[in-house]
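Worksheet for the structure shown next.
The values are calculated or read from the model by the stated rules, or taken from the named source; none is laboratory data. Here the structure is a predicted model, which means the values were calculated and not measured. Ideal geometry is used to build each Cβ from the backbone, glycine not excepted, and the neighbour counts take in all protein chains shown. Surface areas here come from the heavy atoms of the whole protein model, side chains and all, with no ligands, DNA or RNA. Shrake-Rupley method; radii C 1.70, N 1.55, O 1.52, S 1.80 Å.
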Amino acid sequence: MNAAHRAFAPLAAGLAQIGACGRFLLHVLGAVPRSLRYLRETVRQVFFVGAMSLVIIMTCGMFVGAVLGLQLYDVLSRFGSAAMSGTVVALALYRELGPVVTALLFAGRAGTSITAEVGLMRATDQLDAMEMMAVDPLAYVIAPRFLAGVIAMPLLACIFNALAILGAHLVAVSWLGLDNGTFWSNMTASVDLWTDVVNGVWKSVAFGAVVTLIATFQGYTTPPTSEGVAYATTRTVVFSSIVVLALDFVMTAFLM
Amino acid sequence: MAQRQSFQIGTGLFIVLGFAALTYLATQTTSIANYRQGPSYTLKARFTNIGQLKLRAPVKLAGVRVGTVSAIELEPDKLDALVTLTIDRRFDKIPDDSAAAVFTSGLLGDQYVALQPGGSTEPFKDGDEVVLTQSSMQLEELIGKYLVGQGDGGKNGEKPAPKPDGK
Amino acid sequence: MNATSAPPPNEALIRIRGLRTVLNGKTIFDGVDLDIPRGGVTAIMGPSGTGKTTLMRHITGQLPPDAGEIVVDGVDVVRASREQLFALREKIGYLFQNSALLTDFTVFENVAFPLRQQLRLPEELVRNIVLTKLQAVGLRGAAELMPSELSGGMMRRVALARAIVRDPMLIIYDEPFVGLDPIALNQILKLIRTLNQTLGITSILVAHELAAVRQVADRIHLVAAGKIAAAGAPEELSRGDSPWTRQFFAGEADGPVPFHYPAPDYAAELGLSGGGA
Ligand SMILES: Nc1ncnc2c1ncn2[C@@H]1O[C@H](COP(=O)(O)OP(=O)(O)O)[C@@H](O)[C@H]1O
Ligand SMILES: [Mg+2]
């Protein structure tokens, strides 16, 4: 009885966390209209979570594209279909790798800094101080970061994809000698704007919402200690990664 | 204040960059790129079998894309596939005795229409028909034929062996 | 009876009845009744950990009590909506025990924050108000510094400037004297007195320092063991009729206020009494 209780305790705690996070989401969504008063905060946050993530997103995009070009050219050559390299790179990127890899990088780069920042605000009573100055921290601190994530993630994913295509082109065409016209014409023949590009954008909108929700929730509810903030930051990366990959599966199943 | 200004500029640049990337992906790497063609003319071609040929499949000459498949219909009386090819106006010197064939890119790739230039001095004009055509090679039939040896047509007899059309 | 109707003018600004609070299974308040009149300086004193800060959080609606009634300026804080609470808080200045400055902003922007969020004032006016308040706490020269560049005492004074920037009707000072040098302490005392006497701002002063409190407070409430253990004018209390006040003001370890946090028997825990029963 006691052992069973102990075994279920983490499960119950996990469910309670999910429930609390869901309630938090409702509060944040409720605060979004009020946060429009602090539009400047949202702009500032788009800069911090979006523009400041550009370097890592662009570098990684370039390398992911290059390695995809290399691998796919090699593999497809065995089937005499090297001409399809560009197509497969583009499809893999737009549908899966672009949104997912960007979301994972975003969780590590921007999610952690959101958690640490909000957590420290909690620990040093800054959130309480705002409440006392009749400023709702959900509207002033949380909602702008949430909105910034939803806005920045799809843009980052597009930038990631564009650089990855460039990287793949560099490897497949400039290095391995695939014909330039073949690379592009096969791609444009098979890649569809709506089912491939736009569905990928929807995915990254959802990922942006999920990652920033987790990051702000972890920061907002962190125990006000340095250890608490440290654990909250770790949890942001772990939970974001799991939820992004699980949600990716669900969305793929529904969008296909 | 100056600090605030620089955030706004940075954010603006970031958003412009993001939308530029999206526009690039949407217009240069998807089928949208094929719609955005300039002046063109159309040709017709009849095939007994077009296999997996799809709308917007490329039309190539010597491996270079010169146009797209813009319509596929079934001719009710002849039971032929009537394929409309939209050719870029730039390629206006294709001889009018050129042949059209449905090919597969690679072993398992997408199918496309290949034009094989003839020797005529007269070029195709808008609305002309490509008289010499060759239907799609059906992989299943080739394999079936190979397995049955010299057997003519296979047991099910569902599909006749492909013969060059226009002969 | 409508909780938000205008109060009669002679009624106390803050009225607390039957307050009960349990945090983490520990009873913090057990039936506290307290009235704080308008226009005075009321000191709340008591050993650390008795719940003085918690009491202030109840008054401002940051923390709902388990039972009891709290009415501040005619607003039933326990049942008030978020909008009502925010409207009330716009009239309250709150000096946090640990300053709670916004670390992203300069000293100037910290003090300007309440002005910028609530009112659309011309920049020139904001500047004048903020510099006036910073001058009052002696930190006008530090306006462009970041909070991380300040000492604890300076942060406390910036937080004080921020608390008074909107000229509130009520100011709550949570331990304002901690970390201040004698000069700054005297200036802050003078400031508290000036704000109270010239502007008629009601003040609640949470503090340990009897010598300092005695100079400004009209009335002292001594909180201990979940109750108001004693209340009265400073002279009355320091005359010391009750064992609570005698112990607290004389600083003795033994008496009704326990110095030790509740714990098992010392000798038993050290293993000197040969194991527990
Ligand atoms: N959020 C909280 N959760 C649980 N216990 C708390 C919380 N805040 C304060 N306490 C407890 O309440 C008691 C009173 O705290 P506080 O009001 O800060 O005391 P002080 O009189 O020193 O200001 C302390 O014993 C503290 O442990
Ligand atoms: Mg305290």
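If you check C:Val178 against the conditions, is it within 16 Å of ligand 2 (Cβ to nearest atom) and of a type in the set (A, V, I, L, M)? The answer is yes for C:Val178. Applying the condition of being of a type in the set (Asp, Glu) and open to solvent by 70 Å² or more (accessible area, probe 1.4 Å) to the range C:167-198 and asking which residue is farthest from ligand 1 (Cβ to nearest atom) yields C:Asp167. Yes or no: A:Phe183 in contact (Cβ under 8 Å) with a residue 24 or more places away in the chain and closer than 26 Å to A:Val250 by Cα? Taking the combined requirement at face value, the residue does not satisfy it.
Examine the range A:79-100 for a residue that is part of a helix (DSSP H, G or I), away from chain B (no Cβ under 13 Å) and open to solvent by less than 30 Å² (accessible area, probe 1.4 Å), and state whether such a residue exists. Yes, because at least one residue in the range A:79-100 is part of a helix (DSSP H, G or I), away from chain B (no Cβ under 13 Å) and open to solvent by less than 30 Å² (accessible area, probe 1.4 Å). Restricted to strands (runs of 3 or more DSSP E) entirely inside the range C:30-126, those with at least 1 residues that are more than 16 Å from ligand 1 (Cβ to nearest atom) and within 14 Å of chain A (Cβ to nearest Cβ) are C:67-72, C:92-95.
Of the residues in the range A:102-114, at least one is open to solvent by less than 20 Å² (accessible area, probe 1.4 Å), away from chain B (no Cβ under 13 Å) and β-branched (Val, Ile, Thr). Mind checking which residues of the range C:19-53 are surrounded by 14 or more Cβ atoms within 10 Å (Cβ to Cβ) and within 11 Å of ligand 2 (Cβ to nearest atom)? C:Ile44, C:Gly46, C:Pro47, C:Thr50, C:Gly51, C:Lys52, C:Thr53, listed by residue number. Among the residues that make up the range C:182-203, is at least one of them assigned to a strand (DSSP E or B), within 16 Å of ligand 2 (Cβ to nearest atom) and either touching a Gly at 6+ places or on another chain (Cβ under 8 Å) or of a type outside the set (D, E, K, R) (or both)? No, there is no match, as no residue in the range C:182-203 is assigned to a strand (DSSP E or B), within 16 Å of ligand 2 (Cβ to nearest atom) and either touching a Gly at 6+ places or on another chain (Cβ under 8 Å) or of a type outside the set (D, E, K, R) (or both). The single condition among (1) surrounded by fewer than 21 Cβ atoms within 10 Å (Cβ to Cβ); (2) more than 21 Å from the chain's Cα centre (by Cα) that A:Asn199 does not meet is (2).
Which of the residues that make up the range C:138-185 are at pLDDT below 90 and polar (S, T, N, Q)? Of everything in the range C:138-185, just one residue is at pLDDT below 90 and polar (S, T, N, Q), namely C:Ser151.
Restricted to the range A:163-256, the set of helices (runs of 4 or more DSSP H) holding at least 3 residues that are away from every other protein chain (no Cβ under 14 Å) comprises A:199-220, A:226-255. Selection of the range C:164-187 for residues being closer than 23 Å to C:Thr106 by Cβ and touching a Lys or Arg at 6+ places or on another chain (Cβ under 9 Å) yields C:Ile164, C:Val165, C:Arg166, C:Pro168, C:Pro176, C:Gly179, C:Leu180, C:Ala184, C:Gln187. All of (1) more than 14 Å from chain B (Cβ to nearest Cβ); (2) modelled with pLDDT under 95 hold for A:Glu41 with one exception: (1). When B:Val16 is evaluated against the numbered criteria (1) farther than 19 Å from A:Leu155 by Cβ; (2) more than 9 Å from chain A (Cβ to nearest Cβ); (3) not basic (Lys, Arg), which criterion, by number, is the only one it fails? Result: B:Val16 fails condition (1) only.
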